[in-house]
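The values are calculated or read from the model by the stated rules, or taken from the named source; none is laboratory data. Every value quoted in this text rests on a predicted model; they were computed, and no experiment measured them. What goes into the accessible areas is simple: the full protein's heavy atoms, side chains included, and nothing from ligands, DNA or RNA. Shrake-Rupley method; radii C 1.70, N 1.55, O 1.52, S 1.80 Å.
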Amino acid sequence: MTPDPAHIWTRLQAELRRRVPDATYDIWLEPLRWGGVDGDRAILLAPAEVRAWVQQRFAGVLEAAARDAFGDSPLRVEVRGDDEPRGASATTSGRPASAGGPARQPRQAGAAGTDTRTDLFGEEVSRLNPKFTFEQFVIGDANRFAHAAALAVAELPGQAYNPLFIVGPPGVGKTHLLHCVGNYVRAYGGGLTVRYTTTERFTNEFLAALQSRDVDAFKQRYRRNDVLLIDDVQFLESKVKTEEEFFHTFNALHETGSQLVLTSDRPPRDMAALQDRLRQRFESGLLVDIQSPDPATRLTVLRKRAHHDGIVLAGDGVLELIAERVTDNVRGLEAALIRVVAYASLTDAAIDRDLADEVLTQLYGRAARNAAAGPPTIDVIQQVVAEVFGLTREELVSPSRTARVAWPRQVAMYLSREHTHETLPAIGARFGGRDHSTVLHACKRAADRIGTDPDAYDAVATITARLADPERGAAV
């Protein structure tokens, strides 16, 4: 008797997970999709870029898994391309693409009647990191709202919040959430097409299309998607041609109800060099921000990574120490843990708190020892800048526009933007109630002068060193 089709794929997946390492499953077997039953064969559908490898390298594993899973009613496993027609007797069950109901036909690109699902699906698989899922995302106070919004968008693309604009400093999880959305839609979207890219890649592909006079193909590639995920849109600033093409791409997708999810290291209002019409479109949806992780989130991230990698700790307090020292972002946390583990492996030492302290001090220097104090505040920056330039804090925030005060004020605003997570309006408020455009202008002037004036560079370097000093707050 043939097993119930509703349970075949679930049982086979469980058996495959038991037989291969997680990383192998995630890369090669997770992309497989259920294709139904054709006589005595269980049909699995594979994207073009993994099909040959799965057929050659995993045929034995698939057959053995099927024998163990259905020993009483053995089924042969056949891997087909996801663009191949199914047999007449094939019976689909439940979720053919891990989604409820029949798969929705993806959009067509190119000539009429040409199904580009394989191409788009292949693009999606090669660009999306399968490990970046909602299940793996560590939720904390700093990212809870962003996570909820991303999940809502993934469940209802084009209907919940469109566009979704995620803002945050580097390394806090913006890209992770983009991949979460893409992977969720790929698994449960019923055939919706997904494309993930960065602004840099979008720009390079657009320039290449201009040079090869193949702009129409470029437009088809980006405008025929149900979900478009774009990383680091702040880099669109000052790229006039790319910005115009992105504007039209945005409009084409938005008008047809396609979902857009964008990330940036700053909100649209702080992108002064961006055209108003594009900035307004970015602001037309939902904007959510992610801040640096709080202590509890940092510790949870480290514990999850240690458990996932099977890291054996020789004593208590190792992860707590790393979480205390590395405070800015998740990427830095994981890098610190990797360094500690690597050092222990190379020196054949146990991973305890003393070892972690030694490694963090050696690798990160004084910055790591002082990280627990957190980044400098605007008050501290103002005080240090005033001392270096021979001013008082009152003069620094005063209405005075004299050169003696204006340049130090620009430096203080520039450093406040570089070393804190405050918005431009918040920084302006701390400098005598100035608006965000004044702060942005000051930051640009300071950056330009630092790059061309050695004396200005030395002054800012001196201030930066003072800000890293463990006694930096003593004067405030």
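Things worth noting here:
- Cα-based shape type of segment 167-263, given that a ≥ b ≥ c are square roots of the gyration tensor eigenvalues and the cut on a/c is 1.5: oblate
- Residues of type lysines that LYS131 reaches as a straight line, Cα spacing below 19 Å, ignoring anything fewer than 8 places off in the same chain: LYS174, LYS304
- Where segment 223-295 is the region considered: accessible area per residue in Å², 1.4 Å probe: 39
- Across segment 25-37, rounded Karplus estimates of 3J(HN,Hα) from the backbone phi angles (6.51 cos²θ - 1.76 cosθ + 1.60, θ = phi - 60°) give 4, 4, 7, 10, 9, 4, x, 5, 10, 6, x, x, 10 Hz, Gly and Pro being marked x.
- Shape of segment 392-476, Cα gyration tensor, a/c cut at 1.5: rounded
- Percentage relative contact order, segment 187-339, counting C-alpha pairs under 8 Å, at least six apart: 18
- Under the Karplus curve 6.51 cos²θ - 1.76 cosθ + 1.60, θ = phi - 60°, whole-Hz ³J(HN,Hα) for segment 205-221, x wherever Gly or Pro sits: 5, 5, 5, 5, 5, 5, 5, 8, 6, 10, 5, 4, 5, 4, 4, 4, 5
- For ARG266, the residues 5 or more places off, or on other chains, whose built amide H falls under 5 Å of its own are GLY168.
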